[in-house]
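Colleague: Quick one: this structure, given as structure tokens, is what I'll be asking you about.
The values are calculated or read from the model by the stated rules, or taken from the named source; none is laboratory data. Given the structure is predicted, the values throughout are model-derived calculations rather than measurements. A quick note on method: Cβ atoms are made from the backbone with ideal geometry, for glycine too, and the neighbour counts reach across all protein chains shown. What goes into the accessible areas is simple: the full protein's heavy atoms, side chains included, and nothing from ligands, DNA or RNA. Shrake-Rupley method; radii C 1.70, N 1.55, O 1.52, S 1.80 Å.
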Amino acid sequence: MQDRHITDERREVRAPGHEASAPPRRSRRPRLTCNVVPGVHRLEHAYVNCYLLEQGGALTIVDTAHPATWPVIGHAIRALGREPGDVRACVLTHAHFDHLGFALRAQQEWGVPIIAHPEEEYLAAHPYRYAHENPRAVYPIAHPRAVPPLFAMVRAGALRVKGVSGITFLAADEVLDVPGRPRVVFTPGHTFGHCALHLPDSDAVLSGDALVTFNPYTGGDGPQIVSGAATADSEQALASLTALAATRASVLLPGHGPVWRAGAGAAAAMARSAGPS
């Protein structure tokens, strides 16, 4: 992973040969940030975030980004001093193609379960057959700022994601028996089985695409729900913000965009104010 950045609260380490200048806040290049909150590492690749929950020397991967993230995740795991054999599960907040990218390979090559809500089962098997409110093609025309992110996602394999069958189901309010022990927060709307993951011990919530801080369909910044080009029911998505706010988490870790440290409640209020797009 030659153009990787590895960061934590104390230091930044760049791979040999990488330029010395700091990367953009949202980089198409892989970037691993260690301990964004205790025990949670954030891997950003082509405008999509996935997270590694670490506990007792074992790992849970939350969301599986792009097909091209497969070698990147291996480097990230080793950068943490772990091995792929330390991964116990992949949990999906939802099964859109840009969160399902390397799930099949993890299932087949590492033998780990892929865990998601039952409503995501069909979408996981058919990642391009997703419900959405608005025509997708108009967004790059109406929002030119969306072109670089969408192009980066395509380059990372967003149009060649393979479906996954045999997923393991989770349930609302369940505390998953995986490293990190996240509590499931049911947040439908973006997809019909979308779930966020609350980490009470870290005072954080992984919001997936129920609430993002960067919208790849408009290029817009700040807390918001994802555009109708990829959201099944924006009204339901806005209603689900209540569940995110109810976690009272201080830190929100979204599926797209930078970490939000001003509280899940404030982020939810701003997303409601922004409304659908």
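Colleague: Could you work out the relative contact order of segment 69-148? I mean the mean sequence separation of Cα pairs under 8 Å and 6+ apart, divided by the number of residues, in percent. Don't jump to the answer; show the numbers that get you there.
Modeller: Working: 59 pairs, mean separation 20.8, N = 80.
This gives 26 percent for segment 69-148.
Colleague: I would also like to ask the following. Under a 5 Å amide H to amide H cut-off, with H placed in plane at 1.01 Å, what residues pair with residue 91 once short-range neighbours are removed?
Modeller: 61, 62, 63, 115
Colleague: Using a probe radius of 1.4 Å on heavy atoms only, what accessible surface per residue do you get for the chain? Whole Å² is fine.
Modeller: 40
Colleague: Continuing with this model, one more query. Would you mind classifying segment 25-148 by shape? Square roots of the alpha carbon gyration tensor eigenvalues, ordered a ≥ b ≥ c; an a/c under 1.5 is rounded, otherwise it is prolate if a/b is larger than b/c and oblate if not. Don't skip to the end; give the middle numbers.
Modeller: Numbers: a/c = 2.26, a/b = 1.40, b/c = 1.62.
Because a/c hits 1.5 or more and a/b fails to exceed b/c, segment 25-148 counts as oblate.
Colleague: Also, quick follow-up: Output the relative contact order of segment 210-260, whole-number percent, from Cα pairs under 8 angstrom with separation of 6+ residues.
Modeller: Computed value for segment 210-260: 41 percent relative contact order.
Colleague: Shape of the chain from its Cα gyration tensor (a ≥ b ≥ c, root eigenvalues): rounded if a/c is under 1.5, otherwise prolate when a/b > b/c, or oblate?
Modeller: rounded
Colleague: Find how much the distance from residue 133 to residue 154 grows on full extension, using 0.36 nm per residue of separation minus their present alpha carbon separation; answer in nm with one decimal.
Modeller: Stretched fully, the residue 133-residue 154 segment lengthens by 5.4 nm.
Colleague: If you don't mind, another one. With all protein chains present, how much of the accessible area of the chain (probe radius 1.4 Å) comes from carbon and sulfur, to the nearest whole percent?
Modeller: C and S atoms contribute 53 percent here.
Colleague: Here is a follow-up. So if I place +1 on the C-beta of Lys and Arg and -1 on the C-beta of Asp and Glu, and nothing else carries charge, what would the dipole magnitude of segment 31-143 be about its Cα centre? I want it in debye, nearest 20.
Modeller: It works out to roughly 260 debye.
Colleague: For segment 106-120, what does the Karplus curve 6.51 cos²θ - 1.76 cosθ + 1.60, with θ = phi - 60°, yield as ³J(HN,Hα) per residue in whole Hz, taken in order and with x for Gly and Pro?
Modeller: Per residue, the Karplus-derived 3J(HN,Hα) values read 4, 5, 7, 8, 9, x, 9, x, 9, 10, 7, 5, x, 5, 8 Hz.
Colleague: Further, regarding this structure: Work out the length of the dipole vector of segment 147-274 about its Cα centre, built from +1 on the beta-carbon of each Lys and Arg and -1 on the beta-carbon of each Asp and Glu, and round it to the nearest 20 debye. Walk me through the numbers before you get to the answer.
Modeller: On the way: 8 positive and 9 negative charges, 68 e Å.
Magnitude of the dipole: close to 320 debye.
Colleague: Let me ask another. First check a/c for segment 163-277, with a ≥ b ≥ c the square roots of the eigenvalues of its C-alpha gyration tensor; if it is under 1.5, answer rounded, and if not, answer prolate when a/b is larger than b/c or oblate otherwise.
Modeller: Oblate, because a/c is 1.5 or more while a/b does not exceed b/c.
Colleague: Right, another one. Would you pull out the residues with amide H under 5 Å of residue 101's amide H, same chain only if 5 or more places away, H placed 1.01 Å from N?
Modeller: 64, 65, 66
Colleague: Putting +1 on Lys and Arg Cβ atoms and -1 on Asp and Glu Cβ atoms, find which of 200, 75, 111 reaches farthest to the positive end of the dipole of the chain.
Modeller: Result: 75.
Colleague: To the nearest 20 Debye, how big is the dipole of the chain about its Cα centre, given +1 on the beta carbon of each Lys and Arg and -1 on that of each Asp and Glu?
Modeller: For the chain, the charge dipole is close to 820 debye.
Colleague: Additional query: Just name one of 265, 236, 153: the one whose Cα is farthest towards the positive end of the charge dipole of segment 120-277 (beta-carbon charges, Lys/Arg +1, Asp/Glu -1).
Modeller: Working it through, the farthest residue towards the positive pole turns out to be 153.
Colleague: Expressed as a rounded percentage, what relative contact order does the chain have, with Cα pairs under 8 Å and six or more residues apart?
Modeller: 15 percent.
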